[in-house]
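So the structure is just underneath, and the comments pick up after that.
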Amino acid sequence: MNNEHLSQTPALCLRNVKPVGFPTQIAPDSKGCIDILIGDDGNVIRAAAGVSVDLPADVRIVEGNGGWLSPGWTDLHTHIWYGGTDISLKPEVCGLSRGVTTLVDAGSAGEANFHGLRELIIEPASEDIFAFLNLGSIGLVACNRVSELTGLSSVDIDRIAATVEANRDLIVGLKVRASGVITGGWDVAPVKLAKKLGRVLKLPIMVHVGEPLPLYDDVLRILGEGDIITHCFNGKLGGSILEDEELYELVKSSRDRGVILDVGHGGASFSFDVARAALGQDLLPHTISTDIHNRSMPGSVWDMPTTMSKLLSLGMKFEDVIAASSTTPRQVINRPYGDQLKPGARANFTLFELNDSDLVVKDSKGIPSALTKVFDPRYAILGNRAWHAERYQPSQTARKCTCGGHL
């Protein structure tokens, strides 16, 4: 979130873009397009049809060519504590280069090492980055090799509270991995402890549901309004909402009382069959996220636009996919966008195309599916800078940034 350079660069105009996902309705031209003029301070000056006529010569132009412009994409579940954990990616690999302007790290760091995530990753990054603090002090230093939650000795309540208070500008909640392969026989106790801390610190909790114990059912009964279930459409034995009607009804009632359902695709936590069945009964996720890391990215996840494309192919409406990938996750972390097309608002946009496709992708279980439409990002805009963006291609490596610079 380093914006020191913004006042040193000229204004930017986004020309001939079709707005989608904004609360403000602006009268477009005959082709459904508007222009957006962004000042050298990174704030919107004007959004209307025909703004690009007679602009000063030094204004940089991003030509939309009738492409879609949405609020900046937000990935609610990422792992970007690069060098601090053995699974994390650099932010530039999965952020602006893929059309994602906001990344939320989902518990890579605990209280013992959050300072490193802040100073070495978040502060130098061009993306907006926030984080869930892991309940376990060590976070995901050696993910799934050294558990962060073996017992009460893994949790330091006082230091968690102190870390939160010192970093409330960045910490948006607590993360707990409620899975038998992580917590052993500790069952649902870590979730109860996280929930208690969340109430005290006035933060939501994000819970990873995986292999029992605990049971998905028991986790849901603990959570309240604003808390987040990630991997909501996983297909794991003992953790799938399709396994029994009682659990399915519990998921629906939990959603109705304000528990957030987050996709959290990941390398082992998203099933086409489960998601298709849920969407077929109008059980939509609130948020679409990737759970991207260096093991899931080259496998089934790839990136945020591909994950969005999967949900679109399964029956989510275009506008619902946009909301679940931009404005809603920002609301979930209590960092809402507001009226982004209003003069004075900080520019935070994704310019993309929705293209025909025959791309074959896989879910976390290796089941293939063909996409008829794909989200193709072209630019990510933060302040008065525009970064070139594109979808991940399987031939690209996890350490290669293909963003191509910025305007």
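The values are calculated or read from the model by the stated rules, or taken from the named source; none is laboratory data. This is a predicted model, so every value here is computed, not measured. In this analysis, Cβ positions are derived from the backbone assuming ideal geometry, glycine residues included, and neighbour counts consider all displayed protein chains.
If Pro124 meets every condition in (1) of a type outside the set (S, T, N, Q); (2) over 30 Å from Phe349 (Cβ atoms); (3) surrounded by fewer than 16 Cβ atoms within 10 Å (Cβ to Cβ) apart from one, which number is that one?
(2) is the only condition that Pro124 fails.
Given the conditions (1) buried (at least 24 other Cβ atoms within 10 Å of the Cβ); (2) of a type outside the set (S, T, N, Q); (3) in contact with a Ser or Thr (Cβ under 9 Å, 6 or more places away or on another chain); (4) at negative phi, which single one is not true for Ile34?
In the conditions (1) buried (at least 24 other Cβ atoms within 10 Å of the Cβ); (2) of a type outside the set (S, T, N, Q); (3) in contact with a Ser or Thr (Cβ under 9 Å, 6 or more places away or on another chain); (4) at negative phi, Ile34 misses (3) alone.
Which one is modelled with the highest pLDDT among residues in segment 272-296 that are of a type in the set (Gly, Ala, Ser) and surrounded by 22 or more Cβ atoms within 10 Å (Cβ to Cβ)? Lay out the reasoning, then the answer.
Step one: filter segment 272-296 for residues of a type in the set (Gly, Ala, Ser), giving 275, 277-278, 280, 289, 296.
From what's left, surrounded by 22 or more Cβ atoms within 10 Å (Cβ to Cβ): 275, 278, 289, 296.
Working: Ala275: 95, Ala278: 93, Ser289: 98, Ser296: 95.
Filtering segment 272-296 for residues that are of a type in the set (Gly, Ala, Ser) and surrounded by 22 or more Cβ atoms within 10 Å (Cβ to Cβ), the one modelled with the highest pLDDT comes out as Ser289.
Please tell me if Leu149 is touching a strand residue (DSSP E or B) at 6+ places or on another chain (Cβ under 8 Å) and at pLDDT 95 or above.
Numbers: touching a strand residue (DSSP E or B) at 6+ places or on another chain (Cβ under 8 Å): yes; at pLDDT 95 or above: no.
It is false that Leu149 is touching a strand residue (DSSP E or B) at 6+ places or on another chain (Cβ under 8 Å) and at pLDDT 95 or above.
Listed residues Arg199, Arg177; which is crowded, with 22+ Cβ neighbours inside 10 Å and among the basic types (Lys, Arg)? If you could, list the steps in order and put the result at the bottom.
Details: Arg199 fails: crowded, with 22+ Cβ neighbours inside 10 Å.
The unique qualifying residue is Arg177.
From the residues in segment 206-221 that are over 23 Å from the mean Cα position of the chain (by Cα) and not acidic (Asp, Glu), which one is surrounded by the most Cβ atoms within 10 Å (Cβ to Cβ)?
My answer is Pro214.
Between a first residue in segment 265-283 that is under 10 Å from Lys365 (Cβ atoms) and in a helix (DSSP H, G or I) and a second residue that is at pLDDT 95 or above and acidic (Asp, Glu), which pairs have beta carbons less than 6 Å apart while being 6 or more apart in sequence or on different chains?
Phe272/Asp363
Mind checking whether some residue in segment 173-180 is closer than 22 Å to Leu284 by Cβ, in contact (Cβ under 8 Å) with a residue 24 or more places away in the chain and out of contact with any helix residue (DSSP H, G or I) (no Cβ under 6 Å at 6 or more places or on another chain)? Steps first, answer last, please.
We begin by selecting, within segment 173-180, every residue closer than 22 Å to Leu284 by Cβ; these are 173.
From the residues that got through so far, the ones that are in contact (Cβ under 8 Å) with a residue 24 or more places away in the chain too are 173.
Still in the running and out of contact with any helix residue (DSSP H, G or I) (no Cβ under 6 Å at 6 or more places or on another chain): 173.
Taking every residue of segment 173-180 in turn, at least one turns out to be closer than 22 Å to Leu284 by Cβ, in contact (Cβ under 8 Å) with a residue 24 or more places away in the chain and out of contact with any helix residue (DSSP H, G or I) (no Cβ under 6 Å at 6 or more places or on another chain).
Over 14 Å from the mean Cα position of the chain (by Cα), in a helix (DSSP H, G or I) and among the charged types (D, E, K, R) - does that describe any residue in segment 287-303?
No, that holds for no residue.
Taking the residues in segment 33-84 that are hydrophobic (A, V, I, L, M, F, W, C), outside any loop (DSSP other than H, G, I, E, B) and more than 26 Å from the chain's Cα centre (by Cα) as candidates, determine which candidate is nearest to Val321 (Cα to Cα). Steps first, please.
Our first condition is that a residue be hydrophobic (A, V, I, L, M, F, W, C); within segment 33-84, this holds for 33-34, 36-38, 44-45, 47-49, 51, 53, 55, 57, 59, 61-62, 68-69, 73, 76, 80-81.
Then drop every residue that is not outside any loop (DSSP other than H, G, I, E, B), which leaves 34, 36-38, 44-45, 47-48, 61-62, 68-69, 73, 76.
The next check asks that each one be more than 26 Å from the chain's Cα centre (by Cα); those that pass are 34, 37, 45, 47-48, 61.
Details: Ile34: 22, Leu37: 26, Ile45: 28, Ala47: 24, Ala48: 25, Ile61: 28 Å.
The selected residue is Ile34.
If we keep just the residues of segment 103-146 that are out of contact with any strand residue (DSSP E or B) (no Cβ under 8 Å at 6 or more places or on another chain) and of a type in the set (S, T, N, Q), which is nearest to Lys175 (Cα to Cα)?
Ser137
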